[in-house]
1. How far apart, in nm, are two points set 7 Å out from the Cα along the Cα-to-Cβ line at residue 169 and at residue 157?
2. Quick check on the chain: of the DSSP beta bridges with both residues there, what percent are antiparallel, nearest 5%?
3. Would you calculate, for the chain, the mean residue ellipticity at 222 nm contributed by helices, counting each DSSP H stretch of 4 or more residues as -39,500 (n - 2.57) and dividing by all residues, to the nearest 500?
4. Extending each Cα 7 Å along its Cβ direction at residue 9 and residue 56, get the distance between those two points in nm, one decimal.
5. Taking the Cα atoms of the chain, report the difference between the largest and smallest coordinate on each principal axis, in whole Å and largest first.
6. Once the piece of chain linking residue 27 and residue 93 is laid out straight, how much longer is it, given 0.36 nm per residue of separation minus the C-alpha distance between them?
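Taken together, the values in this text are just the output of simple stated rules run on the coordinates, not laboratory data. Remember, it's a predicted structure, so these values are computed and weren't measured experimentally. Note that each Cβ is placed from the backbone with ideal geometry, even for glycine, and that neighbours are counted across all protein chains shown.
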Ligand code: 5GP
C-alpha cells in the first residue's frame, strides 16, 4: 500500500480536542453528562475529549454495523462506503438515558446515515439533551442533513486512518490522522 500522509498532526488534534472540551464544559456548566462512544473508532477521541471536560461525567458505548455488503477495504478506499442506511445495533448502552445529558461521540461524520439513525433511536428515550461530538466531518459526502454540535475538523473527501480510525482494523493506534492515498 502507498505511504500514509499526515493530514492532521497529533499536536493539532490535541489542541482542537482541548478547545472542544472547554466548549462542552461551558455549555453544561453545573450539570453532568454521559459520553456515549460509537465503537470502535471513537474510543480514542472519547478518552481524550472526556479528560478535557471539567464536569461530572460517565462513559457508555454503543456498537453498530450497517446492513448491506461492506466492500473490500480496497474498494472502500476507492469509492467510500455507501451503506444502505439501515443500521443494526450490535451493542446498546448499559443504562437508561431518560432525562440525562448525552454526548454521542463519533470518529467521523460521512454520509450521516449512522448518526441520523442513532440520534433518532436515542431521542425516542427522552434524554434531557442529545449532542453530537465528531472529531472529523466530511460534509461533501452527506446524504442526510446532519450537523455535528462539536466538530473537530472539516476535511475533504479522503479516506483517513489513525487516532481510532481503521483500514481493515489496522492503524487505529496511529497518533496522527493520516490519508490513505487512493491509487
Ligand atoms: P456514515 O453513516 O456517516 O456514512 O458513516 C460513518 C462511519 O463510516 C464512520 O464511523 C467510520 O466508521 C466510517 N468512515 C467514513 N469515512 C471514513 C474514513 O475516511 N476513514 C475511516 N477509517 N472510516 C470512515
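1. It is 3.0 nm.
2. Taking every DSSP beta bridge within the chain, about 30 percent pair in antiparallel fashion.
3. Rounded to the nearest 500, the figure is -7500 deg cm²/dmol.
4. Those two pseudo-labels are separated by 4.0 nm.
5. Cα spread of the chain along its principal axes, largest to smallest: 50, 37, 26 Å.
6. 21.4 nm
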